[in-house]
Amino acid sequence: MADQQAVVDESAAGQAEMDARLAALRSGYEAERYPSAAVRMDRLSRLWSALDRHADRLCEALSEDFGYRSPRQSYFADVATTGKAIRLARKGVRRWMRPERRRADFPFSLFGGRCRVHYQPLGVVGILSPWNIPVNLTLTPLAGVLAAGNRALVKPSEHTPHASAVMVELLDGAFDRTEVATVTGDAAAGQYFSALPLDHLVFTGGTAIARHIMRAAADNLTPLTLELGGKSPVIIGTGADLDRAAACIAFGKVFNAGQVCLAPDYVLVPEDARDALVAALQREVRRMLPDGAASGDYVAVINQRQRERIGAYLDECRQAGVDTRSDGAHDGARVPVTLIIDPPDHLRVSREEIFGPLLIIRTYRRFDDALAHVNARPRALALYFFGRDAGERRRVLEETTSGGVTLDDVIMHYTFDDLPFGGVGPSGMGAYHGFDGFRQFSNARAVYRQTRVDLGRVIRPPYGPVFDRFSRFLMTRG
């Protein structure tokens, strides 16, 4: 009973701390509702400098959290790409802040009516970040939040405690508590966080958890940006270079051991090309990981729960007689890349997001069948196509739906900061990166300046023939 009371007291203290930090951020926003470009650029510069100073410690912490994580991969995925996004935001913020001219309708434009869109800070934005690429998926949205002139309350993942502790130190050292504040805690803390009266909430994680986040945010009508995931397909089309496709796809599974929301989940390949693709994939995995799962450039599966989940997928496949192929055995927490050939649709691995180093290879006879397979399933965060047929490429872009697309590679659309990153339907809502992040975390405020001539009197009662003619004019004006 005493232990239960201690947990309750600790939870209440954590909630009170969140409330206090949100109040401080709200106070800061009220004191400076529209920060200048210079202030925003300074905040982004501080964020970049803090990331640079803590880079080595972050890489060490990430390896400790995962059990093993290639320091080179950590620097690339969680430091370098994040630093690039912050620098782009700093470079673009002055231009992004300029009001956008929009067209005023005739006859208002003839007499000097002017339309603009002014981008206004929302206020205080909450960021709930995940464990898989935790630094990038915390600080990249934060760059957009700060560029848009907002304050931020950040909760990093409890599943990467060492990296989260360094991020807390990084942010607390770089910012005043009225600019950016951090909180930590378990899933219950995350649930309380999502119920706070924030002006916007960014969540990156799984679809199931996102449903709870949405319910908690609904009471305050908090707008959401949800970056989720799903089963991102790869379609191998006519004339695809199988060796090149295999190199790209294998990278998508070797990178972070497939623990990436954009990782290829399954490959749709013509029947007559399946064996050649499987052989090419196995060659590429061996080339990238010459020592198998023990290779220095590989990554462990994050924790026992995730390892058991992936193991359960494989056990079910083997019990069903499915052909599975991998090179080498587990190396502790490091699970080898495993190909799963044509598993039945009812197996869990066919239905659930894999989020690990397993890759389904599924054959098709007609290109229509491949598109139908993709369209019969929930909309994914990404879709990948390899092929030389322009008609097939067009059909992929026009007849399927996903958050983003990379042609003749995988994941790469995420790395370009001038492209929006986001999902659609069950893979998410909203988008950020670059200007799209600035716009996502701003209120696009419509502004109209009336003409000196009082044209508005045309639509005020009492109505008569002039009003009728004007109404018909609007109906026919294109």
Exercise. On the given criteria, is D418 of a type in the set (D, E, K, R) and surrounded by fewer than 16 Cβ atoms within 10 Å (Cβ to Cβ)?
Worked result: yes
Exercise. From the residues in segment 355-414 that are among the hydroxyl-bearing types (S, T, Y) and part of a loop (DSSP other than H, G, I, E, B), which one is farthest from E227 (Cα to Cα)?
Worked result: T400
Exercise. Looking at A280, A263, which is the one that is at pLDDT 95 or above, among the small types (G, A, S) and under 18 Å from D243 (Cβ atoms)?
Worked result: A280
For this session: State whether the residues of segment 161-176 include one that is in a strand (DSSP E or B), modelled with pLDDT of 95 or more and within 20 Å of the chain's Cα centre (by Cα).
Result: no
For this session: Could you check segment 43-143 for helices (runs of 4 or more DSSP H) lying wholly inside it with 3 or more residues that are free of Cβ contacts under 8 Å to residues at least 24 places away in the same chain?
Result: 55-66
Problem set entry | Criterion: buried (at least 22 other Cβ atoms within 10 Å of the Cβ), small (G, A, S) and over 23 Å from R351 (Cα atoms) - qualifying residue of A257, A273, A293 | A293
For this session: Enumerate the pairs (first residue in segment 304-325 and within 17 Å of L359 (Cβ to Cβ); second residue anywhere and among the basic types (K, R) and at pLDDT below 95) with beta-carbon separation below 6 Å, excluding pairs fewer than 6 apart on the same chain, so at least 6 apart or on different chains.
Result: none
Exercise. For segment 405-415, how many residues are under 23 Å from R439 (Cβ atoms) and either more than 13 Å from the chain's Cα centre (by Cα) or in contact (Cβ under 8 Å) with a residue 40 or more places away in the chain (or both)?
Worked result: 5
Exercise. Does R307 satisfy the condition of being surrounded by fewer than 23 Cβ atoms within 10 Å (Cβ to Cβ), basic (K, R) and in contact with an Asp or Glu (Cβ under 9 Å, 6 or more places away or on another chain)?
Worked result: no
Exercise. Out of (1) surrounded by 13 or more Cβ atoms within 10 Å (Cβ to Cβ); (2) over 24 Å from F251 (Cα atoms), what's the single condition that is false for S427?
Worked result: (2)
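The values are calculated or read from the model by the stated rules, or taken from the named source; none is laboratory data. Worth saying up front: this structure is predicted, and the values here are computed from it rather than measured. Every residue, glycine among them, receives a Cβ derived from its backbone with ideal geometry; neighbour counts consider all protein chains shown.
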